[in-house]
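What follows is a single structure, written as structure tokens, with notes after it.
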Amino acid sequence: MTAGEEITALLQRSRTGDHQAVDALFATLYDELHRLAHGQRHRWEGNYTLDTTGLVHEAYLKLVDQQRANFNDRSHFLAVATRAMRHILINYAERSRAAKRGGGADPLPPDNVIPMSAEVAEEVIAVHDAVARLEGVNERQARVVEARFFGGFTIEETAELLDISPATVKRDWILASAWLHREIHRDLE
């Protein structure tokens, strides 16, 4: 059985609620997930919230916590994992911001964590909020941003992930980047 066939079989089993299949899928794609997590964290180099391995493991816990995994293919699994990592970082940024402001948030867990600076937390939240608004304007562009910015996917990988042409990814990336730049600049003022 080829690696692609193995992943397809694991995905089919995961749709039936087989958590062992999700575990095996996670193990098979661990290196790719680790690369995605590194890409997520690299955006805020020097202000580590979680180490890369911690982010991968938290994403795994989010994925296996679902009642029934419903991944269409390898790309879909990686896209869902990227989104889970994005939300984990957003949660840490929000908790860091709340703690700084005395918001009574639970203290950050000590394992694998170095708190975000307030500036970085604000930036992470501003990007997340702008992407959320972009979803309402153009969902495909938001998916391109999520794949490229948060997932670290190349143009070709993003095209495969979203089942669109590389030219469409480039066009959406340019338009979405300009829109997000304006939105984020407005949010951070």
Report, by chain and number, residues whose modeled amide H sits under 5 Å from the one on Gly17, excluding near sequence neighbours (fewer than 5 apart, same chain). Ala69
Using θ = phi - 60° and Karplus 6.51 cos²θ - 1.76 cosθ + 1.60, couplings along segment 120-125 (whole Hz; Gly, Pro as x): 5, 4, 5, 5, 4, 5
Spelling out what I want: for every residue of segment 150-158, take phi, set θ = phi - 60°, compute 6.51 cos²θ - 1.76 cosθ + 1.60 (Karplus), and round to whole Hz; glycine and proline get x. 7, x, x, 6, 6, 4, 5, 5, 5
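How would Ile88, Ile174, Ile125 line up from fewest to most surrounding beta-carbon atoms within 10 angstrom?
Numbers: Ile88 21, Ile174 12, Ile125 18.
Sorted ascending by nearby Cβ count, the order is Ile174, Ile125, Ile88.
Any read-out appearing in this document is the output of simple, stated calculations on the displayed coordinates, not a laboratory observation. The shown structure was predicted, so the numbers you read here are calculated from the model rather than taken from an experiment. Counting neighbours? That spans all protein chains shown, and the Cβs are built from the backbone with ideal geometry, glycine included.
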